[in-house]
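Below is one structure, written out as structure tokens; the observations come after it.
The values are calculated or read from the model by the stated rules, or taken from the named source; none is laboratory data. Quantities reported herein were computed from a predicted structural model and do not represent experimental measurements. Counting neighbours? That spans all protein chains shown, and the Cβs are built from the backbone with ideal geometry, glycine included. Heavy atoms of the whole protein, side chains included, go into the accessibility calculation; ligands, DNA and RNA do not. Shrake-Rupley method; radii C 1.70, N 1.55, O 1.52, S 1.80 Å.
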Amino acid sequence: MPSHLSMEDIYRHACEVIPGGVSSPVRAFGSVGGTPVFLKSAEGAHVVDVTDRRYVDLVCSWGPALLGHAHPEVVRAVQEAATRGLSFGAPTTAEVDLADLIRARVSFAEKVRFVSTGTEATMTAIRVARGATGRDVIVKFAGCYHGHSDALLAAAGSGVATAGLPGSAGVTAASAADTLVLPYNDTDALEEAFATRGEQIACVITEAAPANMGVVPPDPGFNAAIRRLTSEHGALMILDEVLTGFRVGAAGWWGLEGAPEGWAPDLVTYGKVVGGGMPLAALAGPARLMDLLAPVGPVYQAGTLSGNPLATAAGNATLRLADAAVYDHVDRASLVLQDAVGAALSEAGVAHRIQTAGNLFSVFFTEEPVRTYEDAKAQDTFRYPPLFHALLEAGIALPPSVFEAWFLSAAHDEAALDRIIEALPAAARAAAQARPA
Ligand SMILES: *Cc1c(COP(=O)(O)O)cnc(C)c1O
């Protein structure tokens, strides 16, 4: 496209050739209004739009940019890999190296299968669970997002909530009928489901710590209860760490909760950080389950670009660089920003609540604890668009939906945080003045 066009012109043309002008719905600003910002580059804590405006970025590509955008060593690894060939459709040692790095962090992850997206990882984990148990029904929790495969699109949090859709058109009644959706953090509902349909349930899939309906951490003991009930009834527990994995800590959310409490899921899924910004995701677990996958076992799964050499180069470089200092930095930056957001909203008299899961946090416009998707939807969502646009105007890019976590990186230094902190009071006042539509 010609370089002199305004953002509105670009968006208009994009909408003529791409549905909604975007390749993934939340990017379209549907829930905050206005024209989506088309980006051309990113570096460290910043993104740059096509008109050369620079923003402090709190999206971080929805998580992958743990080290900051375009980390020089990650970029170099990808460039070097590219000179050796973009894709072979044959095994490489880089995949073995990445599996070794994951195993070194996550003890129960004996074997790893690489795919290209989180959607494929959870879809495959479900297939393994059905293959392993010979059962059909899967249990998921309302507000948890596990990608856009048919079986997992029921009550799926941010993207779907943002679009205001109950689920999705194009999903058959048959595939929806095999998905049981329960309220999050509700152990009684899970016990009841197992009491009535226990012999049909192949697996329970849960976000390790949900962050796709805003950040709604598991109540103490909830994940452990999933573990106990699935074991008692011969079902598998799938811990979806596509978002939390290698972001909230070296061994993901499991490293913060499961390891200290002494439980592990049967299968875990990774995406986002594990690919360092390239299309790469994975599922992992004990050999006895992972070896159900073809070519060893009867559960089929494949991918032309799976384990792609550029993606594994980015993943290997990212995991090697993501050391304790990186996690310490992101943890501390998150605390600084949480304090600043809370102070600005309090000062402006906006009822709010900040919820965290490790270094992930999000802001809810309510003072009531948010433990379920129903709670999350009951907040004053109308306060978010003015906050979002005031910050965007000030050169701060928040996620374009109230139902998302705010993402930080190791590149968010004091200068970047100060820019956000300076912009917060005016943005909080804009939120205070908002009125329901
Ligand atoms: C992002 C996400 C997915 C889907 O991953 P894609 O790569 O977008 O397909 C699945 N589960 C969780 C928890 C996620 O946050």
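Near GLN355, once Lys and Arg are set to +1 and Asp and Glu to -1 for all other residues with Cβ below 13 Å from its Cβ, the sum equals -3. State which stretch of the chain is the longest one without any exposed chymotrypsin sites (Phe, Trp or Tyr not before Pro), exposure meaning a DSSP loop state and at most 11 other Cβ atoms within 10 Å. The answer is 89-299. Taking label points 7 Å from Cα along the Cα-to-Cβ direction, GLU368 and ASP219 give a separation of 1.5 nm.
Simple spin-label estimate for ALA351 and GLU16 gives 4.7 nm between the two label positions (7 Å along the Cα-to-Cβ direction from each Cα). Given their separation in residues at 0.36 nm each and the Cα-Cα distance between them, SER231 and MET7 gain 75.3 nm when the chain is fully extended.
Approximating the spin labels as points 7 Å out from Cα along Cα→Cβ, the VAL75-to-ASP100 distance works out to 2.8 nm. Across all directions, the shadow cast by the convex hull of the chain built on its C-alpha atoms averages 20.6 square nanometres.
The dipole here belongs to the chain: it is taken about the Cα centre, uses +1 on the Cβ of Lys and Arg and -1 on the Cβ of Asp and Glu, and is about 700 debye.
Of ILE238, ILE421, ILE201, which is the most mobile in a GNM of the chain whose springs link Cα atoms less than 10 angstrom apart? Of ILE238, ILE421, ILE201, the most mobile in the Gaussian network model is ILE421.
Qualifying trypsin sites (Lys or Arg not before Pro) in the range 302-392, where qualification requires a DSSP coil assignment and no more than 10 other C-beta atoms within 10 Å, are lacking entirely.
With K and R counted +1 and D and E -1, the other residues having a Cβ less than 14 Å from that of THR366 yield a net charge of -1. Would you mind telling me which residue in GLU192, GLU241, GLU207 has the biggest mean-square fluctuation in a Gaussian network model of the chain, where springs connect alpha carbons within a distance under 10 angstrom? Its mean-square fluctuation being the largest, the pick is GLU192.
Loop-located GluC sites (Glu not before Pro) across the range 329-437 with a Cβ neighbour count of 15 or fewer within 10 Å are GLU367, with loop assigned by DSSP. Taking every protein chain into account, the accessible area of the chain amounts to 41 square angstrom per residue (probe 1.4 Å).
Would you work out what percent of the accessible area of the chain, with all protein chains in place, is carbon or sulfur (probe 1.4 Å)? Show your work: numbers first, answer last.
On the way: 9590 of 17800 Å².
The nonpolar share, carbon plus sulfur, comes to 54 percent.
Legend: calculated FRET efficiency, SER168 to SER24, from the Cβ-Cβ distance at R0 = 22 Å, rounded to 0.05, equals 0.95. Contact order, relative form, for the chain: 23 percent (alpha carbon pairs under 8 Å, 6 or more residues apart, mean separation divided by residue count).
Taking only DSSP H segments of four or more residues, each worth -39500 (n - 2.57), what value at 222 nm results for the chain once the sum is divided by all its residues, to the nearest 500 deg cm²/dmol?
Working: 16 runs with 170 residues, N = 437.
Only helices count here, giving -11500 deg cm²/dmol.
For the range 79-212, the relative contact order is 26 percent, taking Cα pairs closer than 8 Å that sit 6 or more residues apart in sequence and dividing their mean separation by the residue count.
Surface calculation, 1.4 Å probe, protein heavy atoms: THR196 sits at approximately 90 Å² accessible.
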